[in-house]
1. Does anything in segment 104-135 have its amide N under 20 Å from the 7 Å Cα→Cβ label point of Ser87, and if so which residues?
2. Arrange the following residues from fewest to most other Cβ atoms within 10 Å of their Cβ: Tyr49, Tyr90.
3. What percent does the relative contact order of segment 42-151 come to when contacts are Cα pairs within less than 8 Å and at least six residues apart?
4. For q = 0.13, 0.20 Å⁻¹, what log10 I(q)/I(0) does segment 42-151 give under the Debye formula with an equal point scatterer on each alpha carbon and no solvent?
Amino acid sequence: MRIALVMLAVGGCWSSTPSSPPEPVHNTALAGPLEQEPVPQHSVWRGKYVCRQGVTALELTIDVASSGDANAIFSFGPHEANPNIPSGSYRMTGTVHESGPKLQVRLAPDSWLDQPENYMMVGINADSDRTRHRLTGWITDEGCSGVELRRIR
């Protein structure tokens, strides 16, 4: 049972007819996720999201306190697939917490820095991958859907 769990944890394949004896299992393999980084105090994420206006470029800058409380800047604008989007930005507040090997990001709108006409602020609920280099999730407004970001700093 322990060998099967370790194989799953490291992404290995299970074969019913091994060609050589199995390697010894070390409990340290069960201690934590591979290549996990600590919760970043300051990070910048870049990617896209989709709302009523279509695909929109996004840069999300997040600052996290040791408590997990977070302040962020949501900066949006034109995307190569939708070049006529105006640029804008606003402040967000929320939390960034560890959820096993992943980061769980929950951010709500706070106040505008630069508001384009007819635009409203939206929130984000997203989780990272195991290495904490990608965020995927959704925008919390009813007229929106997914968000995909890659950490650049």
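1. Within reach of a label on Ser87, which here means backbone N under 20 Å from a point 7 Å along Cα→Cβ, segment 104-135 contributes 111-122.
2. Final ranking by Cβ density, sparse to dense: Tyr90, Tyr49.
3. Working: 284 pairs, mean separation 25.7, N = 110.
23 percent.
4. -0.43, -1.02
We did not get these values from a lab; they are worked out from the coordinates using the rules stated. These figures come from a predicted structure and were not determined experimentally. Glycine also receives a Cβ, built like all others from the backbone with ideal geometry; neighbour counts cover every protein chain displayed.
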